[in-house]
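First the structure, in the form of structure tokens, and then the observations on it.
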Amino acid sequence: MSIIEDLKWQYKIGGIANKMIYWNVAVFLVSILFFYQFKLGFFNYPNWLAVSSEPMEVLTKPWTLLTYAFFHYGFLHLFFNMMVLNFSSRLFLTFFTEKQYLGVYLLSAVFAGLCFVLSFYLLHQSSAMVGASAAIMALLVATTTYQPLMNIRLLLIGNVKLWHITAVILLLDLLQIQLDNTGGHIAHLSGAFFGYIYIKLLQNGTDLSRGVNSVFGFFASLFDKKPSTPFKKVHVNPKRPAVKRESKIVAKDKTQQQLDEILDKISQSGYDSLTAQEKEFLFKAGK
């Protein structure tokens, strides 16, 4: 089997976590062809793909609140995001469904994008943003909120609690928010906040991911499993004439009535008083 065929097979049989990673990688490879400035050495994403901090840009291009979450600024940006996405996805899907996974990923991306726009507007700064980090943080924090004491075994460290890992990541974002990549850190924290709110609402009976199928039906269709089964000719036995339920009940009532009469006769006159037909009926009923 060739590498391409193997990748196709892995995509086909893999769950939503694998598909999400495949989509991020595929989008990155396509973006190299169209948006990478080879002479300058960086990506230059247009404002109809990257989410802009300008409110009017977002109002005229609202889809960028989703598209930005599938693009990355470089290989290392993609590599580390996909590593954490794989880790967070496996944990999340231990406790929740694939539809909830898709809902958290997409809704947190929108929420974090809006927080990015609002915060930069208040800070009087202008920028653009791409990356799946906010959605990944939402998945991680959602799982941590639901199961904070879950044991995670780390290489060279050993067993640690899940909330310890999440706390370190959030602390690093807080410490670096004013140093560099301010918009990215704001999005990370916003995604984390959404993951926390999602679980708290879910525990109170409100599942925000239910709206994904109607609002984001296209994305839902991409990740829904629709197994196809080959057509098989099935031999169908001819239908037997149906016996009415009422006739069965009537027959049962008559049998029971006759049996009761025979038992009453035995109690009054003894078994020897029964006729040959009554004895035969009683024998059959006893079987």
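Here are the numbers for the structure shown:
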read-out: Within the range 55-165, helices (runs of 4 or more DSSP H) holding 3 or more residues that are in contact (Cβ under 8 Å) with a residue 40 or more places away in the chain; value: 64-67, 75-95, 98-122, 133-146
read-out: Given (1) without any contact (Cβ under 8 Å) to a residue 12 or more places away in the chain; (2) not in a helix (DSSP H, G or I), number of the condition residue 48 does not satisfy; value: (1)
read-out: Scan of the range 62-85 for residues that are under 13 Å from residue 128 (Cα atoms) and over 25 Å from the mean Cα position of the chain (by Cα), ordered by number; value: 73
read-out: Candidate set: the range 172-203, residues that are hydroxyl-bearing (Ser, Thr, Tyr) and surrounded by fewer than 19 Cβ atoms within 10 Å (Cβ to Cβ); chosen: the one modelled with the highest pLDDT; value: 196
read-out: Residue in the range 111-131 that is within 20 Å of the chain's Cα centre (by Cα), crowded, with 16+ Cβ neighbours inside 10 Å and at pLDDT 90 or above present; value: yes
read-out: Which listed residue, of 157, 169, is surrounded by 12 or more Cβ atoms within 10 Å (Cβ to Cβ) and assigned by TED's automatic domain parsing to the domain that holds residue 83; value: 169
read-out: Looking only at the range 91-105, and only at residues there that are within 8 Å of the chain's Cα centre (by Cα) and not β-branched (Val, Ile, Thr), the one that is farthest from residue 212 (Cα to Cα); value: 93
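The values are calculated or read from the model by the stated rules, or taken from the named source; none is laboratory data. Predicted, not measured: the structure shown is a model, and the values here were computed from it. Virtual Cβ from ideal backbone geometry, glycine too; neighbours counted across all protein chains shown.
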